[in-house]
Amino acid sequence: MIFVTRKAHFNAAHRLHNPKKSEEWNRETFGKCNYPNWHGHNYVIEVTVAGEADPDTGFVIDLGKLKGIIREKITEPCDHRNLNLDVPFMEGIMPTTENLAKAFYKELKEEVEAIAYDDSVLYSVKVFETERNIAEYCPYRMKE
């Protein structure tokens, strides 16, 4: 099995706030991430595809095409946007790093696997909210 990863970045604002809870609960639970006027991050994402290489090209996936899919599905809709308000596929989802990783995976899966070689799969999506706060969604690991 070969793992191929493409990295991308975007800048976005968000607010962590559970409308089912009190203002006090939200402030205590989310701290600075609950500021009413939002806050932003310089996000980095890593998209990993796993499979065997095509014998004709040596590719698991064409990284140029993968770059285009990531741009179309994730960076263009999210860059310099408010993740709570401006991104349709995030509607109703609290934009924690964990939820972003899962939502991005779901947004990418079909198109990535359509261009990957043979039985290659979208293996994982990792989101770096900061250098120290990282979440990875990898459904294949959860099945083991």
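Computed from the coordinates by the stated procedures, all read-outs in this text should not be read as laboratory data. The model shown is predicted, which means the values in this text are computed figures rather than measured ones.
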- prompt: Could you give the distance between the Cα centres of the stretch 1-60 and the stretch 63-93, to the whole Å?
  reply: 10
Karplus-derived HN-Hα couplings along the stretch 74-90 (A = 6.51, B = -1.76, C = 1.60, θ = phi - 60°), whole Hz, x at Gly and Pro: 10, 5, 5, x, 9, 5, 6, 10, 9, 5, 6, 10, 10, 10, x, 6, 9
- request: Round to the nearest 10 and give me the degree value, 0 to 90, for the angle of helix 97-115's Cα axis relative to the longest principal axis of the chain.
  value: 30
- line: As straight-line cross-link partners of Lys102, the qualifying aspartates and glutamates (C-alpha separation under 15 Å, not fewer than 8 residues apart within one chain) are Glu46, Glu91, Glu110, Glu129, Glu136
task: Would you compute, for the Cα atoms of the stretch 2-143, the largest minus smallest coordinate along each principal axis and list the three values in descending order, in whole Å?
output: 59, 31, 26
J(HN,Hα) series, the stretch 25-41, from Karplus relation 6.51 cos²θ - 1.76 cosθ + 1.60, nearest Hz, glycine and proline x: 4, 4, 4, 5, 6, 9, x, 4, 6, 9, 3, x, 9, 6, 7, x, 9
message: Please list, in order along the stretch 5-16, the HN-Hα scalar couplings obtained from phi with the Karplus expression 6.51 cos²θ - 1.76 cosθ + 1.60 (θ = phi - 60°), rounded to whole Hz, x for Gly and Pro.
response: 10, 10, 9, 9, 9, 7, 10, 7, 9, 7, 9, 8
task: Report, by chain and number, residues whose modeled amide H sits under 5 Å from the one on Tyr123, excluding near sequence neighbours (fewer than 5 apart, same chain).
output: Thr48, Val49, Ala50
- request: List, in the order given, every pair from Lys67/Lys126; Lys21/Lys109; Lys73/Lys126; Lys20/Lys126; Lys7/Lys106 whose Cα-Cα distance in the structure shown is over 21 Å.
  value: Lys21/Lys109; Lys20/Lys126
